[in-house]
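The values are calculated or read from the model by the stated rules, or taken from the named source; none is laboratory data. Just so it is clear, the structure is predicted and the values come from calculations on it, not from any experiment. Heads up, the Cβs are rebuilt from the backbone with ideal geometry, glycines too, and the neighbour counts pull from every protein chain shown. Please note that ligands, DNA and RNA were not included when accessible areas were found on the heavy atoms of the full protein model with its side chains. Shrake-Rupley method; radii C 1.70, N 1.55, O 1.52, S 1.80 Å.
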Amino acid sequence: MISFEIPEFITNELQMVKMVAEQVMRQYARYYDEHEHERPVEYIQIMWPVIREQYRQRFEKQKNGDRPKREGPDYRVLRLIMIIEMLSWGDAGLYLSTPDPALGGAAVEAVGTPEQKERFLRRFTEGEPKWGAMAMTEPGAGSDTSAIRTTAVLDPETNEWILNGEKIFCTNGSLALEESDGFVVVWATVDPSAGRAGMKPFVVEAGTPGVTIAKKEHKMGIRASDTAAIVFNNARIPYDNILGSPEVQQRDGSTKGFKGAMRTFDASRPAVAASAMGIARAALEFTRDKLAEEGIVVDYTKPKHALTAVERDLLEMEARHRAAWLLTLRAAAVMAYGRSNRLEASMCKARAGETVTWITQKAVELLGPLGYSREWLVEKWMRDAKINDIYEGTKQINTLIVARSILGYTRHELK
Amino acid sequence: MMDFELDQEQKMLTEAIGRFARERVRKVFRDADEEGKIPADLVQAGWEIGLLPTTIPEQYGGFGEYSVVTGAVAVEAFAWGDLATTFQILTPNLVAVPVMLAGTNEQKAQYLPLFCGETPPRVTAALTEPTIKYDPRCLQTTAVPENGHYVLNGVKAYVPLAAEAELVLVYANENGRTQAFLIPRHTEGLTIDDDREKLMGIRALPTYRLHLDNCRIPAENRLGGQHGIDFNRILNHSRVALGAAAVGMAQAAFEYARDYAKQRVQFGEPIAHRQSIAFMLAEMAMDVDAARLMVWETAWLLDKGEDATRAATVMKTYVDDRVLDVADRAVQTLGGYGYIREYPAELWLRNARGFAMFDGLAIV
């Protein structure tokens, strides 16, 4: 039954999140933009006790095996999407540095054994702030994740995996490995000749010898978020740190590991889209408010020919924002009902990234010399926005996925 | 909780309309456009699907299952078949829905039973005006009260099926506000052009200009009686129908272009193997899906009884542009054949441009 109803407990929780966004994130947004690589302690201090407690409850429940048999939709998916949107409305860079298991934790939860969950995830239920992260991208493997060259070789004598290679653009890589007792899920190949079938995820914990943060990137935007290059030089990790089966299945059952990696995108792409939409809404609301102070207000009852160019721009911004946001909510809802959302996830990510890029660029333009000034956050939002058009699959990669899906084509038919 | 799946009744309804659109409308819609006429049996068959009687309250002979969301879903399914045919089949809605939404009890009792019969009643409505500065909330056609009567003056355009209509719902500017008046066809001062209008698209649908020259009607013919109407609400319902029609037509254009691109071979392989084509199709798919969600959201707000004026305006801003873009890309995907009238794509492009002008041609 078609409905756009948001459950009340989510709207209530969002009010709390909004307070953090307004009173903490907005206050420190500019500071951490101008002090790149400085740890945003104020935000982390607020978030960590809440996240730790929520995670502890969830962790204990799962451990006790009393995972309730779910009737109806999984509200958590929608809740998460809406919280991400609100936090990103506050500040996208700070949102990205939220201390939590993140994509690394999701991978462990998805395919880890009970022992692995205990070893790797319990840390998020106690103590100091910690981060989980995921490392896939390499200098030679961007959109083409199957081209990764980081290797994992089993040492039969010690029963350890030996990792060698370089990962780049790892969000929170430094926070996870150097600045907290966290971990990174690293994708490496156990058999370079096997292509996609050889790709496996490994958990690399903080303090592992042979693992170094080679660099923290200097970026156009989301500067509060750490983006690390990680080098693995004969880094040894226990055999049990591999997630899923170590078997390289051949042609028949083929690319399970790779497909596993791709499946995480079904959840992470709507999350990125939601973050994009939070920035877009921030820019849209701010622009609308500032223009209203100048007496420029969209009258929704006027015909198009009676609106000024600026009013039409504002209307267009609102329309494109709403369209991309509804696509995002749909991707989350489809997932919440337990259905495959591969197509919807790519659609919303492609549209949200493009839309936030356009809206924030337009916002800077409409606010003129003040929009371009660093006194306001609009120019920062424009810089923050662009990453959403790039990471978790560029707009082009997601469009390619949409195209293959609607045409029923494989990657061989549509390259 | 948020959900985007049709319910069981909506699925049955869209399947029935889909079959009608696929097996009957799409067989003749190209010829209908060329000949400027929709076969009478097709209109009758569309009427017999029973969309309107289902929505009319039981006390007036209907089934009382009124839902704007269901209406939007149904209109989309009709418009997948053909836009002009959809407008013709839905023309009785132009009177029935405003009477349902805003009529007095007497008006409902008088008019609503007409819409529960075996054949569509001959009624129409006149909103649009032939002027560049057309504004539905500030019309140039005037209605002035005078001794228990109203006197109307002005010119109306895009009045569907006016030549055969026995009753016209005319929208006019009464002291700065848009109100609606039920005017029998042969009222003195109301004339309809002998010749049909000549439009770029929807050529199968006969539309006319209508002239009001000191047309005098009793005050009780004002829709909603003394209270009149909340025109914004009626316009919002109309925009949902037009948005849904745009989505249905865009979906048809997208599917046709997609299927064409998969079978059209150039340079030794289907053109859909190229990103330049495949990416156009992907954008079309995203446009259609986003547009549909915006239409549904506006419809859902109306079903909840909320003021959807802002949502409807934002939705229309988006959908009008998207349907044009999708239709344009469909023509582009077909290349030279897209421009040839044996193929449907050029018809969809001509129709698509009209959504910026089709105010008042559909309502649910």
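On a 0 to 90 degree scale, rounded to 10, what angle separates helix A:395-407 from the longest Cα axis of chain A?
Between helix and principal axis, roughly 80 degrees.
Amide H neighbours of B:Leu167 under 5 Å, counting only residues 5+ apart in sequence or on other chains, H built in-plane at 1.01 Å?
Residues meeting the criterion, in which the H sits 1.01 Å from N, are B:Thr124, B:Arg185.
Taking chain A, how much of its Cα-Cα pair set, in percent, is spaced more than 29 angstrom apart?
46 percent
Hey, which lysines would be in cross-link range of A:Lys18, C-alpha to C-alpha under 20 Å, not counting anything within fewer than 8 residues on its own chain?
Those lysines meeting the cut-off are A:Lys380.
Quick check on chain A: helices-only [θ] at 222 nm, where DSSP H runs of length 4 and up contribute -39,500 (n - 2.57) each and the sum goes over total residues. Nearest 500, please.
Calculated mean residue ellipticity at 222 nm is -16000 deg cm²/dmol.
What distance in nm lies between label points placed 7 Å from Cα along the C-beta direction at A:Glu71 and A:Glu53?
Result: 3.0 nm between the two label points.
Which of the helices in chain B meet the span-like rule: DSSP H, Cα axial reach of 24 Å or more, Kyte-Doolittle mean at least -0.5? Mind showing how you got there, number by number?
Numbers: long enough: B:231-263 (48 Å, -0.05); B:275-303 (41 Å, 0.71); B:309-334 (37 Å, -0.05).
Span-like helices in chain B: B:231-263, B:275-303, B:309-334.
Taking a threshold of 20 Å on the Cα-Cα distance, which of the pairs A:Lys61/A:Lys117; A:Lys167/A:Lys216; A:Lys167/A:Lys219; A:Lys219/A:Lys290; A:Lys117/A:Lys216 fall above it?
A:Lys219/A:Lys290; A:Lys117/A:Lys216
If you build the convex hull over the alpha carbons only and average its shadow over all orientations, what do you get for the range B:35-93? Give it in nm² to one decimal. Intermediate results must be reported in sequence, preceding the final value.
On the way: hull surface 16.5 nm².
Computed as one quarter of the Cα hull surface, the answer is 4.1 nm².
Starting from the Cα gyration tensor of the range A:8-125, multiply each eigenvalue by 5, take the square root, and state the resulting semi-axes largest first in whole Å.
Each semi-axis is the square root of five times an eigenvalue, giving 28, 19, 11 Å.
To the nearest 100 Å², how much accessible surface do chains A and B hide from each other in total, with a 1.4 Å probe?
The A and B chains share an interface burying roughly 4500 Å².
Roughly to the nearest percent, how much of the accessible area of the range A:143-271 is carbon and sulfur, given a 1.4 Å probe?
Roughly 50 percent of what the probe reaches on the range A:143-271 is carbon or sulfur.
Taking the Cα centre of the range A:89-243 as origin and charging only Cβ (+1 Lys, Arg; -1 Asp, Glu), how large is the dipole, in debye to the nearest 20?
The dipole magnitude comes to about 360 debye.
Per residue, what accessible area does chain B have, given a 1.4 Å probe and all protein chains present, in Å²?
Accessible area per residue, chain B: 40 Å².
Which of the GluC sites (Glu not before Pro) across the range B:126-213 are loop residues per DSSP, with 10 or fewer other Cβ within 10 Å?
Hits after loop and neighbour filter: B:Glu188.
At what distance in nm do the modelled label points of B:Gln332 and A:Glu293 sit from each other, each positioned 7 Å from its Cα along Cα→Cβ?
Distance between label points: 4.0 nm.
Under the classification rounded if a/c is under 1.5, otherwise prolate if a/b is larger than b/c and oblate if not, where does chain B fall, given a ≥ b ≥ c as square roots of the Cα gyration tensor eigenvalues?
Here chain B falls in the prolate category.
Compare each residue of the range B:132-179 in its chain alone against the assembly with all protein chains, and report those whose accessible area goes down by 10 Å² or more; 1.4 Å probe, heavy atoms.
Those residues are B:Ile132, B:Lys133, B:Tyr134, B:Asp135, B:Arg137.
For a quick check, take a GNM of chain A with Cα springs below 10 Å and name the residue from A:Pro156, A:Pro192, A:Pro201 with the largest mean-square fluctuation.
In this elastic network of chain A, the residue with the biggest mean-square fluctuation among A:Pro156, A:Pro192, A:Pro201 is A:Pro156.
What does the convex hull of the Cα atoms come to per residue for the protein assembly as shown, in Å³?
172 Å³
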